[in-house]
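One structure is given below, encoded as structure tokens.
The values are calculated or read from the model by the stated rules, or taken from the named source; none is laboratory data. What you see is a predicted model, and the numbers here were worked out from it, not measured in a lab. Glycine also receives a Cβ, built like all others from the backbone with ideal geometry; neighbour counts cover every protein chain displayed. Keep in mind that these areas ignore ligands, DNA and RNA; they rest on the heavy atoms of the full protein, side chains included. Shrake-Rupley method; radii C 1.70, N 1.55, O 1.52, S 1.80 Å.
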Amino acid sequence: MDSHHSAAPELAGPSLMPARSYLGVGGGVLAAILALSCALYAFPAARTGLKAPPATAEELSAGVVTVVAPEDSIGIKSAIAAVDVPETARSEIARAVQTNQRQMAWLVFVDSMDPDGDVVAVRASGLTQNITLSKAWTPVAVPISPGSPIEVTGVRDGLGGGITVALATRNGPMTLRILSPGETLEVMP
């Protein structure tokens, strides 16, 4: 056998693609699509014309419940969109808010100790949403009725030691008492 035929082929070394391949109409369109995708990823509310949930203490009230002003139509629409319920329930909430039977509000949850997988259920106006607590703010939109409490119920104690929960306010977090699974606290708007 000839030694030239049994040897492995020699591959060419790496080379750069010419810059003109990246430019032109196709490159410009690709760059525009990439820029738009990055903007929508960084600012998800821009996709739908909605406001982001409260993210700073200045956006919260002094109490544990931050009510969305009735004249803030985008804020109300944003809060309704954030409620973790099926679309039919979301439509019912919108009708109740439009007819002044309900208002929209935000509660911002935080694990007041070590984030270990604690879970609470938030019940307001007959709707229940489960929240896994962490050190990061977890804003939860709820429909409220004036004078009716919001219930916070312990669901799961992560690693033991109780369910440690706090609610963020403009003046800092308000730590609630440690809950056991099944135990409920009432929060007034």
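What accessible area per residue, rounded to a whole number of Å², is obtained for the range 46-154 using a probe radius of 1.4 Å?
49 Å²
How many percent of the accessible area of the range 93-189 is carbon or sulfur, using a 1.4 Å probe?
50 percent
How many nm separate the modelled label positions at residue 121 and residue 69, each set 7 Å beyond the Cα in the direction of the Cβ?
3.6 nm
Got a number for the accessible area of residue 95? Probe 1.4 Å, square angstrom, nearest 10.
Accessible area, nearest 10 Å²: 140 Å².
How much of residue 113 can a 1.4 Å solvent probe reach, expressed as accessible area in Å² and rounded to 10?
Near enough 110 Å² of accessible area.
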